[in-house]
1. Out of (1) buried (at least 18 other Cβ atoms within 10 Å of the Cβ); (2) of a type in the set (A, V, I, L, M); (3) closer than 28 Å to VAL263 by Cβ, what's the single condition that is false for VAL389?
2. State whether the residues of segment 382-395 include one that is in a helix (DSSP H, G or I), more than 30 Å from SER356 (Cβ to Cβ) and touching a Lys or Arg at 6+ places or on another chain (Cβ under 9 Å).
3. Which residues, taken from segment 87-116, are assigned to a helix (DSSP H, G or I), free of Cβ contacts under 8 Å to residues at least 60 places away in the same chain and open to solvent by 50 Å² or more (accessible area, probe 1.4 Å)?
4. Using the structure shown, decide if GLY266 is in contact with a Pro (Cβ under 8 Å, 6 or more places away or on another chain), under 22 Å from ARG360 (Cα atoms), open to solvent by less than 50 Å² (accessible area, probe 1.4 Å) and touching a residue at least 12 places away in the same chain (Cβ under 8 Å).
5. So which residues in segment 198-212 are in contact with a strand residue (DSSP E or B) (Cβ under 6 Å, 6 or more places away or on another chain) and assigned to a helix (DSSP H, G or I)?
6. Being open to solvent by 20 Å² or more (accessible area, probe 1.4 Å), at pLDDT 95 or above and either in contact with an Asp or Glu (Cβ under 7 Å, 6 or more places away or on another chain) or in a loop (DSSP other than H, G, I, E, B) (or both), is that true of even one residue in segment 332-339?
7. Do we have any residue at all in segment 40-57 that's crowded, with 16+ Cβ neighbours inside 10 Å and modelled with pLDDT under 85?
8. In segment 273-310, what residues are assigned to a loop (DSSP other than H, G, I, E, B), on the phi < 0 side of the Ramachandran plot and open to solvent by 20 Å² or more (accessible area, probe 1.4 Å)?
Amino acid sequence: METGEQVGVEAVPYCCSDFDSGETPARGLAIRTRKTRSLSTSSATACDYRRNQSLHGPSPVTTFGPKACMLQNPHAVMHIQDPASQRLTWNKPPKSVLVVKKIQDASLLQPFKELCVFLTEKNMIVYVESKVLADTAIAGDESFGAVIQKFCTFREDLDDISNRVDFIICLGGDGTLLYASSLFQESVPPVMAFHLGSLGFLTPFKFDTYQSQVTQIIEGNTAIILRSRLRVRVVKKGIIMTNGDSEGSRKSMQYQVLNEVVVDRGPSSYLSNVDLFLDGHLITTVQGDGVIVSTPTGSTAYAVAAGASMIHPNVPAIMITPICPHSLSFRPIVVPAGVELKIMLSRDARNTAWVSFDGRKRQEICHGDSITITTSCFPVPSICFRDPVNDWFESLSQCLHWNVRKKQNYLSSEEEEF
């Protein structure tokens, strides 16, 4: 199979701490700051949404008075790009694209076929998952057979396509984007998500004008938002029997999570009882149905349903939200993105706990197991319809109906007198 060209990096969006040492910045991104037309349907509309002032906060002064200054530690600094300046460009024209489609959804068959025909006509190498072609409605379509012959296929967890795909197109809802993220455990290519699902908070594009929108992406003229992910390491303590004696062994698994890590009580009727550590220090014990550790992107998912605030994806943070805590004072909190969290069962916990990652890979957590969480060096570069700020508020309004209320009537001059 032919390997797609990689996109170069002109500006490093993240500089992580020693926890992520050895990792490299996000692949597929180059940042430029010159003004260019956004992906709105008309240039007039684009001008209406163009900001003339940066939202990036000023760098703080690190000298205090005549003799004091802050100790410089470049390994512990995270550099965040100004959201107004994050724009995608290609070092070389993209040649390959991964099309991720929601499985067993009949409403997506026609959009999927139209898009694949369009991409192959543009001489793009199209990657699709093998189980997508297992759908009889696709495999049995003789008129689509010539296009299928040009596909490059892969299997989840078996084939590595991380260095073969130049960008990703998602057809479905938010879950399709989460699934696409899980396919890349390190660098993620730019993602273009079409709203063909139910909620669509993370999918800003409409399929009606896909040809012009995809063409504009290929030409490299679009805003992007870097959605931070969580790097999660699960260490499980096992027992090996040797000559009748028990010996401890440890099994480690690692995940990249876009929305949230959820630790809950599972099928047990007892409260979950887990200890939460921050940078090695015990900060609290969660007694309730569980706890959610989410990214800013995940703050509008399960976390907001559990009473958390909503955080813009450009804010470098991790949110900790209890699920039905048995305490009147346990409020959701936001901690810096660079901290390291660890979750373990308390010694006096009556039952085990269960953990899931973006709703997948659900597994049991027993005494001696640990879950370590910090911000990953590999964000998901999500392509914007307009820009990172306006897209987010549009999703709040259209998907969650944020602050929707019947307008208060005005008072007439006669009514004001009374």
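1. (3)
2. yes
3. ALA106, GLN110
4. So GLY266 does not fit the description; no.
5. Across segment 198-212, the qualifying residue is only PHE207.
6. yes
7. Let us first name the residues in segment 40-57 that are crowded, with 16+ Cβ neighbours inside 10 Å, namely 40, 46.
The next check asks that each one be modelled with pLDDT under 85; those that pass are 40, 46.
Yes - at least one qualifying residue is present in segment 40-57.
8. Once the filter is applied, which keeps residues that are assigned to a loop (DSSP other than H, G, I, E, B), on the phi < 0 side of the Ramachandran plot and open to solvent by 20 Å² or more (accessible area, probe 1.4 Å), segment 273-310 yields ALA301, ALA306, SER309, MET310.
The values are calculated or read from the model by the stated rules, or taken from the named source; none is laboratory data. On a predicted model such as this, the values are computed, not experimentally measured, just so you know. Quick reminder, even Gly has a Cβ in these numbers, built from the backbone with ideal geometry, and neighbours come from all protein chains shown. Accessible surface is based on the protein model in full, side chains and every heavy atom, while ligands, DNA and RNA are left aside. Shrake-Rupley method; radii C 1.70, N 1.55, O 1.52, S 1.80 Å.
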